[in-house]
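The values are calculated or read from the model by the stated rules, or taken from the named source; none is laboratory data. On a predicted model such as this, the values are computed, not experimentally measured, just so you know. In this analysis, Cβ positions are derived from the backbone assuming ideal geometry, glycine residues included, and neighbour counts consider all displayed protein chains.
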Amino acid sequence: MIPRAGLSLIRVLVLGACALAVVGFAGCGGDSENKYSEADLQTARKEGAAQQKLKDVQAQQAQDQKRLEKELAELKKDKKSGSSKKSSDSGSSSGSSSGGGGGGTSGGATASSGSSCGDGVSISGPTTCGFAANIASEFRSSGPGVVAAYSPTTGKLYTMSCSASGVCSGGTTSGGSVVYVR
(Lines give C-alpha, C1' and ligand atoms only; values in the text may rest on other atoms or scores of the structure.)
Protein backbone atom coordinates (compact mmCIF):
# COMPACT_ATOMS: atom_id res chain seq x y z
CA MET A 1 0.00 0.00 0.00
CA ILE A 2 0.95 3.58 -0.56
CA PRO A 3 1.61 5.65 2.54
CA ARG A 4 -0.84 8.40 3.31
CA ALA A 5 1.64 11.18 2.48
CA GLY A 6 2.17 9.60 -0.96
CA LEU A 7 -1.57 9.54 -1.67
CA SER A 8 -1.83 13.22 -0.82
CA LEU A 9 0.98 14.00 -3.20
CA ILE A 10 -0.66 12.00 -5.98
CA ARG A 11 -3.99 13.78 -5.38
CA VAL A 12 -2.30 17.16 -5.55
CA LEU A 13 -0.54 16.19 -8.79
CA VAL A 14 -3.75 14.86 -10.39
CA LEU A 15 -5.76 17.93 -9.35
CA GLY A 16 -2.98 20.21 -10.65
CA ALA A 17 -2.93 18.38 -14.00
CA CYS A 18 -6.73 18.68 -14.27
CA ALA A 19 -6.59 22.37 -13.46
CA LEU A 20 -3.92 22.94 -16.12
CA ALA A 21 -5.99 21.03 -18.67
CA VAL A 22 -9.08 23.12 -17.92
CA VAL A 23 -7.13 26.35 -18.16
CA GLY A 24 -5.44 25.19 -21.37
CA PHE A 25 -8.71 24.27 -23.07
CA ALA A 26 -10.33 27.52 -22.01
CA GLY A 27 -7.44 29.44 -23.60
CA CYS A 28 -7.98 27.77 -26.97
CA GLY A 29 -10.66 30.31 -27.76
CA GLY A 30 -14.15 29.08 -28.14
CA ASP A 31 -16.67 30.92 -30.29
CA SER A 32 -17.85 33.01 -27.38
CA GLU A 33 -14.44 34.62 -26.92
CA ASN A 34 -13.62 35.31 -30.61
CA LYS A 35 -12.66 38.97 -30.86
CA TYR A 36 -13.68 39.43 -34.53
CA SER A 37 -17.04 38.55 -35.99
CA GLU A 38 -17.69 37.57 -39.57
CA ALA A 39 -19.14 41.05 -40.16
CA ASP A 40 -15.87 42.60 -38.92
CA LEU A 41 -13.90 40.41 -41.34
CA GLN A 42 -16.21 41.37 -44.25
CA THR A 43 -15.77 45.05 -43.43
CA ALA A 44 -11.99 44.65 -43.34
CA ARG A 45 -12.04 42.87 -46.71
CA LYS A 46 -14.12 45.69 -48.25
CA GLU A 47 -11.80 48.35 -46.86
CA GLY A 48 -8.78 46.48 -48.19
CA ALA A 49 -10.37 46.22 -51.64
CA ALA A 50 -11.20 49.94 -51.63
CA GLN A 51 -7.64 50.82 -50.65
CA GLN A 52 -6.26 48.62 -53.43
CA LYS A 53 -8.60 50.24 -55.96
CA LEU A 54 -7.40 53.68 -54.84
CA LYS A 55 -3.78 52.60 -55.26
CA ASP A 56 -4.57 51.28 -58.76
CA VAL A 57 -6.24 54.56 -59.75
CA GLN A 58 -3.30 56.57 -58.40
CA ALA A 59 -0.85 54.38 -60.32
CA GLN A 60 -2.85 54.88 -63.54
CA GLN A 61 -2.95 58.65 -62.99
CA ALA A 62 0.82 58.69 -62.45
CA GLN A 63 1.31 56.77 -65.71
CA ASP A 64 -1.01 59.16 -67.57
CA GLN A 65 0.83 62.17 -66.16
CA LYS A 66 4.22 60.77 -67.23
CA ARG A 67 2.86 60.06 -70.72
CA LEU A 68 1.46 63.60 -71.03
CA GLU A 69 4.69 65.15 -69.77
CA LYS A 70 6.61 63.12 -72.34
CA GLU A 71 4.24 64.20 -75.13
CA LEU A 72 4.58 67.83 -74.10
CA ALA A 73 8.37 67.59 -74.00
CA GLU A 74 8.37 66.05 -77.49
CA LEU A 75 6.10 68.81 -78.80
CA LYS A 76 8.32 71.49 -77.32
CA LYS A 77 11.38 69.77 -78.76
CA ASP A 78 9.75 69.60 -82.20
CA LYS A 79 8.84 73.27 -81.95
CA LYS A 80 12.38 74.32 -81.03
CA SER A 81 13.88 72.28 -83.86
CA GLY A 82 11.43 73.89 -86.30
CA SER A 83 9.98 70.59 -87.46
CA SER A 84 6.41 71.16 -86.45
CA LYS A 85 4.21 68.41 -87.79
CA LYS A 86 1.47 69.45 -90.17
CA SER A 87 -1.51 67.15 -90.52
CA SER A 88 -5.25 67.35 -90.94
CA ASP A 89 -5.61 66.43 -87.27
CA SER A 90 -3.31 69.14 -85.88
CA GLY A 91 -5.88 70.27 -83.37
CA SER A 92 -5.94 67.21 -81.19
CA SER A 93 -3.86 64.62 -79.48
CA SER A 94 -4.25 61.99 -76.80
CA GLY A 95 -6.79 60.12 -78.90
CA SER A 96 -9.46 62.81 -79.08
CA SER A 97 -11.31 63.77 -82.22
CA SER A 98 -12.70 67.07 -81.00
CA GLY A 99 -10.25 69.85 -81.51
CA GLY A 100 -8.87 72.82 -79.79
CA GLY A 101 -10.15 72.23 -76.31
CA GLY A 102 -12.81 69.68 -76.05
CA GLY A 103 -15.64 71.61 -77.66
CA GLY A 104 -19.17 71.08 -76.47
CA THR A 105 -20.91 73.31 -74.02
CA SER A 106 -19.71 71.88 -70.75
CA GLY A 107 -16.90 73.36 -68.72
CA GLY A 108 -17.13 77.02 -69.66
CA ALA A 109 -18.07 79.47 -72.34
CA THR A 110 -18.02 78.26 -75.92
CA ALA A 111 -18.50 80.20 -79.10
CA SER A 112 -19.31 79.50 -82.69
CA SER A 113 -18.75 82.99 -84.11
CA GLY A 114 -16.36 84.70 -81.66
CA SER A 115 -16.48 85.50 -78.00
CA SER A 116 -14.20 87.29 -75.56
CA CYS A 117 -12.77 85.29 -72.69
CA GLY A 118 -11.00 88.25 -71.09
CA ASP A 119 -7.27 88.89 -70.59
CA GLY A 120 -6.83 89.54 -74.32
CA VAL A 121 -8.15 86.11 -75.36
CA SER A 122 -11.09 85.41 -77.69
CA ILE A 123 -12.42 82.18 -79.13
CA SER A 124 -14.26 81.05 -82.20
CA GLY A 125 -15.61 77.61 -82.99
CA PRO A 126 -16.11 74.66 -80.69
CA THR A 127 -13.78 75.42 -77.80
CA THR A 128 -13.87 76.73 -74.25
CA CYS A 129 -12.43 79.77 -72.51
CA GLY A 130 -10.62 77.52 -70.01
CA PHE A 131 -8.74 75.80 -72.82
CA ALA A 132 -8.17 79.11 -74.65
CA ALA A 133 -6.57 80.60 -71.52
CA ASN A 134 -4.17 77.64 -71.38
CA ILE A 135 -3.32 78.00 -75.10
CA ALA A 136 -2.74 81.76 -74.61
CA SER A 137 -0.42 81.11 -71.68
CA GLU A 138 1.64 78.61 -73.68
CA PHE A 139 1.72 80.90 -76.72
CA ARG A 140 2.85 83.87 -74.63
CA SER A 141 5.67 81.85 -73.05
CA SER A 142 6.91 80.06 -76.17
CA GLY A 143 5.85 82.13 -79.20
CA PRO A 144 4.44 81.04 -82.57
CA GLY A 145 4.39 77.44 -83.79
CA VAL A 146 2.73 74.32 -82.44
CA VAL A 147 1.46 74.94 -78.92
CA ALA A 148 0.16 72.22 -76.60
CA ALA A 149 -2.25 72.84 -73.73
CA TYR A 150 -4.53 70.99 -71.34
CA SER A 151 -8.31 71.17 -71.70
CA PRO A 152 -10.06 71.36 -68.31
CA THR A 153 -13.29 70.29 -70.03
CA THR A 154 -12.03 67.00 -71.45
CA GLY A 155 -9.00 66.42 -69.25
CA LYS A 156 -6.82 65.89 -72.33
CA LEU A 157 -3.84 67.55 -73.96
CA TYR A 158 -4.40 69.23 -77.35
CA THR A 159 -2.19 71.03 -79.85
CA MET A 160 -2.90 74.10 -81.94
CA SER A 161 -0.84 75.88 -84.58
CA CYS A 162 -0.25 79.52 -83.62
CA SER A 163 0.85 82.28 -85.97
CA ALA A 164 3.08 85.20 -84.99
CA SER A 165 -0.02 87.43 -84.96
CA GLY A 166 -1.56 85.34 -82.15
CA VAL A 167 -4.11 83.36 -84.13
CA CYS A 168 -4.08 79.74 -82.95
CA SER A 169 -6.12 77.24 -84.91
CA GLY A 170 -6.75 73.55 -85.03
CA GLY A 171 -9.40 70.96 -84.63
CA THR A 172 -11.06 68.28 -86.62
CA THR A 173 -14.61 69.49 -86.28
CA SER A 174 -16.17 71.49 -89.12
CA GLY A 175 -14.80 75.02 -89.03
CA GLY A 176 -12.21 74.05 -86.42
CA SER A 177 -11.41 75.96 -83.27
CA VAL A 178 -9.64 79.29 -83.18
CA VAL A 179 -8.07 81.06 -80.21
CA TYR A 180 -7.11 84.73 -80.67
CA VAL A 181 -4.35 85.99 -78.38
CA ARG A 182 -3.66 89.74 -78.14
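Annotations for the structure displayed:
- Across segment 107-144, the qualifying residues are those that are under 28 Å from K70 (Cα atoms) and at pLDDT below 50, and the one among them that is surrounded by the fewest Cβ atoms within 10 Å (Cβ to Cβ) is G107.
- Scanning segment 150-174 for residues that are surrounded by fewer than 24 Cβ atoms within 10 Å (Cβ to Cβ) and of a type in the set (G, A, S) turns up G155, S161, S163, A164, S165, G166, S169, S174.
For every residue, the table says whether it meets (1) closer than 30 Å to S177 by Cβ; (2) surrounded by fewer than 10 Cβ atoms within 10 Å (Cβ to Cβ); (3) at pLDDT 65 or above.
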{"position": "V12", "(1), (2), (3)": "no, no, yes"}
{"position": "G24", "(1), (2), (3)": "no, yes, no"}
{"position": "E38", "(1), (2), (3)": "no, yes, yes"}
{"position": "G48", "(1), (2), (3)": "no, no, yes"}
{"position": "L68", "(1), (2), (3)": "yes, no, yes"}
{"position": "L75", "(1), (2), (3)": "yes, no, yes"}
{"position": "K80", "(1), (2), (3)": "yes, no, yes"}
{"position": "D89", "(1), (2), (3)": "yes, no, no"}
{"position": "T105", "(1), (2), (3)": "yes, no, no"}
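- Yes/no for S165 being of a type in the set (S, T, N, Q), free of Cβ contacts under 8 Å to residues at least 40 places away in the same chain and part of a loop (DSSP other than H, G, I, E, B): yes
- Filtered by the rule that a residue be within 27 Å of the chain's Cα centre (by Cα), under 15 Å from L72 (Cα atoms) and among the polar types (S, T, N, Q), segment 142-156 gives a lone residue, S151.
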